[in-house]
Amino acid sequence: MSPHIPFNRSTLQGGEIAYIHEALASGQISGDHQFSHRCEELLEREVGSQRALVTTSCTHALEMAAMLLNIEPGDEVIVPSYTFVSTANAFARHGARPVFCDVRPDTLNLDEQALESLITPATRAIVPVHYAGVGCEMDTIMAMANEREIAVVEDNAHGLFGTYKGQQLGSFGVLATQSFHETKNITCGEGGALLINDESLVKRAEILREKGTDRSRFFRGEVDKYQWVDTGSSYVMSDVLAAFLYGQLEQHESIQARRGRLWRRYDEALADFAARLDIQRPVVPEHCDSAYHMYHFVFPDPDMRTAFIAHLKAADIGSVFHYLPLHLTAFAEQWGGKIGDCPVTERVADTLCRLPFYTSMSDLDQERVIDTILEFEPV
């Protein structure tokens, strides 16, 4: 029997283990030591942000963004309904009302054409999610937000090293967040980063991340002791995790190149199959360079998706669906139940399937997945 092909697998890409040993040998494995700084410097250099702060998760980076914007009860924050719960929850936990926007039928990104009708005097932030690593229409989103003095926070969990019109994703909004969860292109198991593109927010961001203290300034020798100066929490990544993360980040060019080859092979080999069965393949506009976070199908109906997943499972190949519509969840009922009209989100949630896709996937394994897919015939 052929070995199992998982939906995702994390693997070593370079010096991760050696760097962990180096961190341990230094005797300094809490946060904000040498490997944390190396990760942050690389992100600042490659993305072009004023400051990058590695965090314990993308969720925590989003929570920091909400605090930096002083989100409070009565505020509204526009988010796509088709996203992970953290995108909305980070703001809702401060009392904000999430306003759910539908996604485009092609890229599955926040529908910028639906955005204007959702903006009210209470709108404090717009949080576009670069789904699958393909950039949202940031020109339109930023113009609309800037005209109304609304903050844009990019949820760039999928999009690190992708670009929109030649500009790095994560560099458009006043703030952006990254994920280094094990399912992401670059990983340390659990981790994230906050990218700060407004220098005026840097000092407070450091304080919020360090339990509300000015401990970072103390480490830099700017004050002779640190103290409690603001609210905050413990969002600092351990330097052991940062060591692993740096081993991955410094290989980002080879990681992205490999994922691009895998993505294109799927797309070319499955084009005729998808056209025959009226299956939608991923759409990448010409002005976007994908980060190649995933490869997915959108089926014409839920029954075909169910049969397809079962077909792959019978061949011991993993595949998964993705998000459930946030606007239809029980938790959303406290804001009046179904908030916003999101028909595309509802359709895609019922019909999208993600194929096995990870950096270390061998050509032979991908060939087996492709051959198995080509054998699928809906009932």
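The values are calculated or read from the model by the stated rules, or taken from the named source; none is laboratory data. Keep in mind it's a predicted model, so treat the numbers as computed, not measured. Reconstructed Cβ throughout: ideal geometry from the backbone, glycine too, with neighbour counts over all protein chains shown. SASA here: full protein model, heavy atoms, side chains in, ligands and nucleic acids out. Shrake-Rupley method; radii C 1.70, N 1.55, O 1.52, S 1.80 Å.
Data for the structure
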| item | result |
| --- | --- |
| Answer residue from region 173-225, given it is small (G, A, S) and under 22 Å from the mean Cα position of the chain (by Cα) and is surrounded by the fewest Cβ atoms within 10 Å (Cβ to Cβ) among those | G189 |
| Residue selected from region 30-54 under the condition at pLDDT below 95 and not small (G, A, S), by the criterion farthest from the chain's Cα centre (by Cα) | H33 |
| Residue among A114, A90 that alone is among the small types (G, A, S) and surrounded by 20 or more Cβ atoms within 10 Å (Cβ to Cβ) | A90 |
| Condition broken by M138, with the remaining ones in (1) within 15 Å of D289 (Cβ to Cβ); (2) among the aliphatic types (A, V, I, L, M); (3) within 13 Å of the chain's Cα centre (by Cα) satisfied | (3) |
| Subset of region 134-184 (residues that are polar (S, T, N, Q) and under 18 Å from Q113 (Cα atoms)) | T140, N146 |
| Region 156-172: number of residues that are open to solvent by 10 Å² or more (accessible area, probe 1.4 Å), under 21 Å from L68 (Cβ atoms) and in contact with a strand residue (DSSP E or B) (Cβ under 7 Å, 6 or more places away or on another chain) | 3 |
| Per-region count, region 135-181, residues in contact with a Lys or Arg (Cβ under 9 Å, 6 or more places away or on another chain) and assigned to a loop (DSSP other than H, G, I, E, B) | 7 |
| Of residues in region 290-307 being under 14 Å from D350 (Cβ atoms) and touching a strand residue (DSSP E or B) at 6+ places or on another chain (Cβ under 6 Å), the one most open to solvent (accessible area, probe 1.4 Å) | R305 |
| Qualifying positions in region 223-255 - among the charged types (D, E, K, R), outside any helix (DSSP H, G or I) and within 30 Å of S290 (Cα to Cα) | E250 |
| Residue in region 62-87 that is least open to solvent (accessible area, probe 1.4 Å), counting only those that are among the small types (G, A, S) and assigned to a loop (DSSP other than H, G, I, E, B) | S81 |
| Selected residue (only one of I186, I207 is in a loop (DSSP other than H, G, I, E, B) and aliphatic (A, V, I, L, M)) | I186 |
| Residues being closer than 16 Å to T11 by Cα, touching a Ser or Thr at 6+ places or on another chain (Cβ under 6 Å) and surrounded by fewer than 17 Cβ atoms within 10 Å (Cβ to Cβ) - total across region 226-263 | 0 |
| Top-ranked residue of region 264-289 - restricted to ones that are within 12 Å of F357 (Cα to Cα) and open to solvent by 30 Å² or more (accessible area, probe 1.4 Å), ranked as farthest from the chain's Cα centre (by Cα) | R265 |
| Close pairs from region 220-248: first under 16 Å from E41 (Cβ atoms) and modelled with pLDDT of 90 or more, partner in a loop (DSSP other than H, G, I, E, B) and among the hydrophobic types (A, V, I, L, M, F, W, C), Cβ under 6 Å, at least 6 apart | D239/I29; L245/F180; L245/C188; Q248/I186 |
